[in-house]
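The values are calculated or read from the model by the stated rules, or taken from the named source; none is laboratory data. Because the structure is a prediction, the values reported are computed rather than measured. Don't worry about glycine lacking a Cβ; one is built from the backbone with ideal geometry, like all the others, and counts go over all protein chains shown. These area figures cover heavy atoms from the full protein model, side chains too; ligands, DNA and RNA do not enter into them. Shrake-Rupley method; radii C 1.70, N 1.55, O 1.52, S 1.80 Å.
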Amino acid sequence: METEKNNANATHKQVIEINGEAVGVVVPDAGTLKFVAVKYHVWELDAQRFASADAARHAVLAHLGGASVPRGRLSGLAA
C-alpha cells in the first residue's frame, strides 16, 4: 500500500511552498522527484532528487535554517 502511495506521488509535479510562498517544484524523474528551485534562496537544492514532496519540503526547511522561516527571507527574484 505504501509503495502505491509513493508511486502516485511521483507521477505529477507538485509545488513546494514555505509560509505560503512557492520556492520550488518537484517533478517526476527516473522514479524519484527532482527539485526545481524557483527562488535563489534554495538554489543549492536545485536538481536534487527526493523520495517524496514531503522529503523535499523538509530539505528546504533544513536548508533555510529551521521550520520557522520569516516570510521576508524568502522574498526575492524567481530563478
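Can you pull out every residue in region 28-68 that is within 16 Å of residue 12 (Cα to Cα), assigned to a helix (DSSP H, G or I) and touching a Leu at 6+ places or on another chain (Cβ under 7 Å)?
The answer is 53, 56.
Go through region 15-31 and report how many residues are modelled with pLDDT of 95 or more and open to solvent by less than 50 Å² (accessible area, probe 1.4 Å).
Here the count works out to 7.
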